[in-house]
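Below you'll find the structure, written out as structure tokens, and then a few comments.
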Amino acid sequence: MTTADCPVIAAVDGSSHSREALDWAAREAVRRGLALVIVHARTPTRPAVRETQLRGAEELLTRSVRRVGEIAPDLHPTTLAPLDFPAAALTALSRDASLVVVGSRGLGGFRSLMLGSNSLATASMAECPVVVIHSGPSEEDEVEAGDAYPDIVAGVAADESSEAVLDFAFATAASRPGARLRIVHGWTMFSSMLSGGPVFDRDAAAGAAARTLAELTAGRQERYPQVEVVREPVGGSAARTLVTASATAALTVVGRRRGGESLGLGLSPVAQTTLTHALGPVAVVPC
């Protein structure tokens, strides 16, 4: 099985956020022509209560399958109830998944937190892209509004770490007829200097950033001619632009560098700010 054939995983825990994640995952599985696996991780606890815990998990998964049947009747999801901590279970399952979808917060989370610890840990450690569903315009809202939110927004750096982000973003936009892909790149005079570009001329640095974006996307536009691309070089951090764009985007895509997970260095400041403050779904792609 290739990565492209691997299932979409939806994590559920009974919270309203996980129901939104399940709905999004079901529609995305249909859109991509992939299977759906619904997962409820049973946190290790005392053996005396495991039978009750398992019954509760089975009931939740049964309700989740029924909900998917209402959204996507032709989709026939399978279920898993691993005995493990949620982030650990989802990270392990991500090795054989195309996509993991989680809610921004689960049951028992502090309402003041914009992003739960399990969602953040999964997005920081998974082997495949992770989509975190923040409450925002629902897909029903989008349909009723005539697809008012068709944009896919991707934040990219001017180096090879953007390859996976762009691949994911272009494929996602291509799977949504009429979707526009906005590619955002934040630049500064310091980053221009580090890349060997203009040091003192701001206009020249802006021009160099625009050319970099054009070079990054050229080959992919040939592969996905149906995708309208808008390139947005942004002076300064891209985080503000990405967070603002997320309010009306179908999906905002950011990258995560592999290799720094054990030190808590997987998410860049831009990615963490976007993931924490976004107003709509965010995909975190390992690079």
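What the table below lists for this structure:
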{"quantity": "Filter result for residue 255 (in contact with a Pro (Cβ under 9 Å, 6 or more places away or on another chain), at pLDDT below 75 and under 21 Å from residue 99 (Cβ atoms))", "calculated": "no"}
{"quantity": "Matching option when the condition is modelled with pLDDT under 80, of a type in the set (Val, Ile, Thr) and out of contact with any helix residue (DSSP H, G or I) (no Cβ under 6 Å at 6 or more places or on another chain), among 188, 241, 217, 276", "calculated": "188"}
{"quantity": "Helices (runs of 4 or more DSSP H) contained in segment 13-132 and holding at least 2 residues closer than 30 Å to residue 178 by Cα and among the polar types (S, T, N, Q)", "calculated": "16-32"}
{"quantity": "Where a residue in segment 41-70 is under 28 Å from residue 31 (Cα atoms) and its partner, wherever it lies, is outside any loop (DSSP other than H, G, I, E, B) and open to solvent by 60 Å² or more (accessible area, probe 1.4 Å), with Cβ under 6 Å and at least six apart", "calculated": "61/79"}
{"quantity": "Considering residues of segment 1-24 that are at pLDDT below 90 and of a type in the set (A, V, I, L, M) only, the residue most open to solvent (accessible area, probe 1.4 Å)", "calculated": "1"}
{"quantity": "Any hit, segment 154-176, residues being modelled with pLDDT under 85 and over 20 Å from the mean Cα position of the chain (by Cα)", "calculated": "yes"}
{"quantity": "Extreme residue, farthest from residue 151 (Cα to Cα), among residues of segment 206-232 that are open to solvent by 50 Å² or more (accessible area, probe 1.4 Å) and assigned to a strand (DSSP E or B)", "calculated": "231"}
{"quantity": "Qualifying residue in segment 68-89 (condition: among the acidic types (Asp, Glu) and closer than 26 Å to residue 125 by Cα)", "calculated": "yes"}
{"quantity": "Residues of segment 30-44 that turn out to be buried (at least 21 other Cβ atoms within 10 Å of the Cβ) and not β-branched (Val, Ile, Thr), as a count", "calculated": "3"}
{"quantity": "Matching residues, segment 46-70, being out of contact with any strand residue (DSSP E or B) (no Cβ under 9 Å at 6 or more places or on another chain), at pLDDT below 95 and not acidic (Asp, Glu)", "calculated": "46, 47, 48, 49, 52, 55"}
{"quantity": "The listed residue being touching a residue at least 60 places away in the same chain (Cβ under 8 Å) and farther than 21 Å from residue 16 by Cα, out of 75, 93, 83", "calculated": "93"}
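The values are calculated or read from the model by the stated rules, or taken from the named source; none is laboratory data. A quick note: this is a predicted structure, and the numbers were derived from the prediction, not measured. Cβ atoms come from the backbone with ideal geometry, glycine included; neighbour counts cover every protein chain shown. Accessible surface areas use protein heavy atoms only, side chains included; no ligands, DNA or RNA. Shrake-Rupley method; radii C 1.70, N 1.55, O 1.52, S 1.80 Å.
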